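A.B. asks: Here it is, the structure, as structure tokens.
The values are calculated or read from the model by the stated rules, or taken from the named source; none is laboratory data. Predicted model only: the values in this text are computed from it and were never measured. All Cβ positions, even for glycine, are placed from backbone atoms using ideal geometry, and neighbour counts span all protein chains on display.
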């Protein structure tokens, strides 16, 4: 699957899920294991404590308005792991996604793509947007659905190299 995003040259999106980091592979495998017959896992089947060894890398985005297919959904971080806070130098728990990134950052577009298409994504690149061009990142973005099929959360995890 391919998708076009307005993105800077240091940010890449991959729907083939060619994950390099073993921690992210483990998180992705867990997400797959709680799904049913290849569908997006239900949010009530996900417990962050099942991934306790990875909690420092996890983040959760809650969809507060709209739902699947809603390009105007309000997206809010409800969990930011301590390792992410350490690297990024801030704790965005409770913040609206669009207010935590520069206006030209494509992350909001990617999240909304997941809401519409109900697919996981891998992102990777450099941390230019936080003035840490020397560091690389890899992340997974994994949608979670309500019983009615609406995507209500996105489980994410990131590692920094």
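A.B. asks: Quick check, is residue 58 surrounded by 14 or more Cβ atoms within 10 Å (Cβ to Cβ), under 14 Å from the mean Cα position of the chain (by Cα) and modelled with pLDDT under 95?
C.D. replies: So residue 58 fails the test.
A.B. asks: OK, next. Which ones in region 34-53 are closer than 18 Å to residue 82 by Cβ and in contact with a strand residue (DSSP E or B) (Cβ under 9 Å, 6 or more places away or on another chain)?
C.D. replies: Result: 48, 51.
A.B. asks: Give the residues of region 24-44 that are in contact (Cβ under 8 Å) with a residue 60 or more places away in the chain and farther than 15 Å from residue 123 by Cβ, sorted by residue number.
C.D. replies: Listed by number, the residues that qualify are 31, 39, 40, 41, 42, 43, 44.
A.B. asks: Hey, residue 53 hits all of (1) surrounded by 12 or more Cβ atoms within 10 Å (Cβ to Cβ); (2) in a helix (DSSP H, G or I); (3) at pLDDT 95 or above but one; which does it fall short on?
C.D. replies: (1)
A.B. asks: Could you please let me know if residue 48 is in contact with a helix residue (DSSP H, G or I) (Cβ under 7 Å, 6 or more places away or on another chain), surrounded by 12 or more Cβ atoms within 10 Å (Cβ to Cβ), within 16 Å of residue 154 (Cβ to Cβ) and modelled with pLDDT under 95?
C.D. replies: Spelling it out, residue 48 is indeed in contact with a helix residue (DSSP H, G or I) (Cβ under 7 Å, 6 or more places away or on another chain), surrounded by 12 or more Cβ atoms within 10 Å (Cβ to Cβ), within 16 Å of residue 154 (Cβ to Cβ) and modelled with pLDDT under 95.
A.B. asks: Could you say whether any residue in region 145-155 is crowded, with 20+ Cβ neighbours inside 10 Å and modelled with pLDDT under 85?
C.D. replies: no
A.B. asks: Are there any pairs, at least 6 apart or on different chains, whose C-beta atoms fall under 6 Å, with the first in region 63-90 and under 21 Å from residue 109 (Cα atoms) and the second at pLDDT below 85 and surrounded by 18 or more Cβ atoms within 10 Å (Cβ to Cβ), and if so, which?
C.D. replies: So the pair list comes out as 63/73; 65/73; 66/73.
A.B. asks: Among the residues of region 93-106, write down those that are touching a strand residue (DSSP E or B) at 6+ places or on another chain (Cβ under 8 Å) and either buried (at least 20 other Cβ atoms within 10 Å of the Cβ) or without any contact (Cβ under 8 Å) to a residue 24 or more places away in the chain (or both).
C.D. replies: Listed by number, the residues that qualify are 93, 94, 95, 96, 97, 98, 100.
A.B. asks: Out of region 25-40, which residues are assigned to a loop (DSSP other than H, G, I, E, B) and in contact with a helix residue (DSSP H, G or I) (Cβ under 6 Å, 6 or more places away or on another chain)?
C.D. replies: Across region 25-40, the qualifying residue is only 34.
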